[in-house]
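One structure below.
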Amino acid sequence: MIIPSAVILSMVISSFLLSLLAMGFTLQYITMSVPNLAYGTMAFFSAYITVTVVVLGYSPYVAVPFAFVLGSIASFLLYKFIAFLRDRGMPVIGLMLSTLVFDLAIYALMNIYAELIPHYLHAYIGAFNLMESDFEIAGIPGILIVSAATTSMLVLLFQLILTKTKFGIAMRAVMESHSLAIVHGVNTELVLSVSWFFVGGIAGISGSLYPIWFYVDPWAGATMFISIFAACVVGGLRSIYGSLLGGFLIAVSQNLISFTLASVFGPALWAYSSIWSILIAALVVLKMPEGISGFITSRK
Amino acid sequence: MVEIGLAFNLLLEGIVFFGIYVIFTLSLNFQYGYTGIFNLGLYLPILAGALVVGYLPGRLAMMIYGVKGLDYVTDNSSIMVLLKGRLQNDPLTSIGILIVTLIVAFTVCWLLGYVTGYPALKLPADYMALFMLCLAESLRIIGMQTMEIAGGPFGITTLNPFWWLGSLAYFGLMALIIGFTAMICLVYYVICRSPFGRLMKSIRENGLTAECVGKDVASIKRKVMALSFGVLGIGGVMHGLNLGVVIAYGYTRVDFSYWPWLMLVVGGSGNNLGVFLGTLALVLMRQIMINGKPIFQPFLPFDMLWLEPLLLAIMLMVTLVLRPQGIVPEKPSHVKAPNSEGGNLQSQKQPA
């Protein structure tokens, strides 16, 4: 069976973007021990910046810095809200519910924005795909180059920060033990604020690049959240590099399974692609509750 | 006179809506408030129940009356007209179909709860919540994309098992929903006041201790999940019957997971009174928004529907900041324990 180039491209692009999203989600989880339910919605709100930029006649990549800023601000505000509740003694489950506040608010704003744009810019942006506004170099779509470069650069930058800077060491200390980091004089508040700001920016960038190849609607965040979560579970719940690996594995298997099933049973099966990721995650949980990274660690 | 009739209809509609949401929030309270199972995918069994009511009763009626040559999904409206004509004069078959639908929905959702419990309960509480959310979203995708189950993106009309009541058919349905809500309240009340209820609370407080005294915590949690999923499935059936149509797209995390969670948080978890009050407060708010739409909509450049999640977010934020324990905080439970002098029982307070 020959896999068409479009499927391979989708697989590679979604691998890069999903890995980035999974890494951000895991990083937020490790630093605060609170899974951010608003993560998918926050990331995909940026897709609306991209479509606005395209409607205004610019290249979709112009949206990237704006998406970074928007994602960072939203993430920073969310962190402040969680920290405020945490300081008042709220348990983790309450803190997790507090992220719903942002999920709901951003979801509402996203839909309101999608309805306002046709009024002011005369363009329908309920569900959209911006593939036509992308550039090509020697037949290679720009999004492939940009997503690969962005992911590689951000991972490298992150690795450098974590291992070569004082801030990175402080960040690792907070990830290992929040209370111990405080005892050692780490300004945990600053470390966490900057981490969440940075991670929100990463999510924003991923969300802004996504519609350049894939379809996006106001539910994209919720649908994509399945794959993000599956990637984190497969990679390992508390491992940043595990989540990167999980992102690649989920994106590849999701596309391959969908392609195989669609070839056998018909193209309608492409619509179910998100489901395979959660099934894979369920199987991994049953066999390796700590994910691939936990499995590798236990074998050493 | 017309206005009184309209107000009466609105009131009844509100009561039914309240009844359905009480089923959802009580089940959530049973899972989280009593057992500590953190499930954000509440709409998984609700949607499963709704899909059963979209799939089964119509096809069952077609089989019974020997309707052939028509496709249940594509010819749905013609089939419904045909079945209405038959079921109007056949109360026995109508009730029979309803009972079978309820049993199937309960069984399917019970199994769903039991099976999903295996991987879900292996995860930490927070990740379990996400896992359930993803499972629910997956079922929604299946429901939306599969025409054969319940019409896929277009949805499907459900039959009313009380068509034989003629113009009172809707009231029959309302009585059914209210009756089931009362029955479910009673079942949960009895279970929560029983030794099993106290066992659930002990697991919520400290699962490890419960395990140390020989309790199979995982098995108990799975049972709780299975039962509450079954009840939520019944809630889904009631919701589908009440609307008269099942569209999988409409079963969103906001309406069927976040709303019940907010009701629980606002009312206060771990006690049924709090659940009732929280549900009542939010149902009232929602009814005001729905009925106030014609007044406010002309002033807004977007659909007023989108203010609902925004208001929900504000309400959740205010509750978490000002009253995180809810309107009615959980009271310490009372247990009977033997006193030191012999076999007589005395009431002792136990911290919640």
Do we find that B:Leu173 is part of a helix (DSSP H, G or I) and under 26 Å from A:Phe25 (Cβ atoms) in this structure?
-> no
Can you name every residue in region A:1-39 that is under 23 Å from A:Phe259 (Cβ atoms) and within 13 Å of chain B (Cβ to nearest Cβ)?
-> A:Ala22
With respect to A:Ser253, determine if the residue is without any contact (Cβ under 8 Å) to a residue 60 or more places away in the chain, small (Gly, Ala, Ser) and more than 13 Å from every other protein chain (Cβ to nearest Cβ).
-> yes
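If I filter region B:273-296 down to residues being of a type in the set (A, V, I, L, M) and without any contact (Cβ under 8 Å) to a residue 24 or more places away in the chain, which single residue comes out as nearest to the other protein chains (Cβ to nearest Cβ)?
Quick first cut of region B:273-296, residues of a type in the set (A, V, I, L, M) only: B:273, B:275, B:277, B:280-285, B:288-290, B:295.
Then drop every residue that is not without any contact (Cβ under 8 Å) to a residue 24 or more places away in the chain, which leaves B:288-290, B:295.
On the way: B:Ile288: 17, B:Met289: 13, B:Ile290: 16, B:Ile295: 19 Å.
Going through the qualifying residues, I end up with B:Met289.
Test B:Ala129 against the stated conditions and say whether it is among the small types (Gly, Ala, Ser), over 30 Å from B:Glu13 (Cα atoms), within 14 Å of another protein chain (Cβ to nearest Cβ) and surrounded by fewer than 19 Cβ atoms within 10 Å (Cβ to Cβ).
No; evaluated as a whole, the condition is false for this residue.
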Provide a single number: the residues in region A:80-96 that are crowded, with 16+ Cβ neighbours inside 10 Å and of a type in the set (D, E, K, R).
-> 1
Of all residues in region B:227-268, count the ones that are outside any helix (DSSP H, G or I) and either facing chain A (nearest Cβ under 10 Å) or farther than 23 Å from B:Leu130 by Cβ (or both).
-> 6
Name the pairs: first residue in region B:297-316 and more than 7 Å from chain A (Cβ to nearest Cβ), second residue of a type in the set (S, T, N, Q), Cβ to Cβ under 7 Å, at least 6 apart or on different chains?
-> B:Met304/B:Gln297
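To keep it simple, each residue is scored yes or no on (1) surrounded by 24 or more Cβ atoms within 10 Å (Cβ to Cβ); (2) more than 28 Å from A:Glu136 (Cα to Cα); (3) not aromatic (Phe, Trp, Tyr).
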position: A:Ile8; (1), (2), (3): no, no, yes
position: A:Thr26; (1), (2), (3): yes, yes, yes
position: A:Ala38; (1), (2), (3): yes, yes, yes
position: A:Ala43; (1), (2), (3): yes, no, yes
position: A:Tyr48; (1), (2), (3): yes, no, no
position: A:Val51; (1), (2), (3): yes, no, yes
Does A:Val284 qualify as being assigned to a helix (DSSP H, G or I), farther than 25 Å from A:Tyr107 by Cβ and either within 11 Å of chain B (Cβ to nearest Cβ) or aromatic (Phe, Trp, Tyr) (or both)?
-> yes
Can you tell me which residue among B:Gly166, B:Gly214 is farther than 14 Å from B:Leu51 by Cβ, away from chain A (no Cβ under 11 Å), at pLDDT below 90 and part of a loop (DSSP other than H, G, I, E, B)?
-> B:Gly214
When you look at A:Thr99, is it more than 24 Å from B:Val318 (Cα to Cα) and surrounded by fewer than 24 Cβ atoms within 10 Å (Cβ to Cβ), yes or no?
-> no
Quick one: which residue in A:Leu77, A:Leu70 is surrounded by 21 or more Cβ atoms within 10 Å (Cβ to Cβ), touching a Phe, Trp or Tyr at 6+ places or on another chain (Cβ under 8 Å) and at negative phi?
-> A:Leu70
The residue that is farthest from the other protein chains (Cβ to nearest Cβ), considering only those in region B:143-163 that are over 14 Å from B:Gly244 (Cβ atoms) and in contact (Cβ under 8 Å) with a residue 40 or more places away in the chain, is B:Phe154
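Given B:Met80, B:Met62, B:Met132, which one is of a type in the set (A, V, I, L, M, F, W, C), in a helix (DSSP H, G or I) and in contact with a strand residue (DSSP E or B) (Cβ under 7 Å, 6 or more places away or on another chain)?
Just a single option satisfies the conditions, and that option is B:Met80.
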Residue satisfying all of: in region B:102-126; at the interface with chain A (Cβ under 8 Å from one of its Cβ atoms) and not in a helix (DSSP H, G or I); farthest from B:Leu40 (Cα to Cα) among these = B:Lys122
How many residues does region A:213-245 hold that are away from chain B (no Cβ under 12 Å) and of a type in the set (Phe, Trp, Tyr)?
-> 4
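The values are calculated or read from the model by the stated rules, or taken from the named source; none is laboratory data. A quick note: this is a predicted structure, and the numbers were derived from the prediction, not measured. For neighbour counting, all protein chains shown are included, and Cβ atoms are generated from backbone atoms with ideal geometry for every residue, glycine included.
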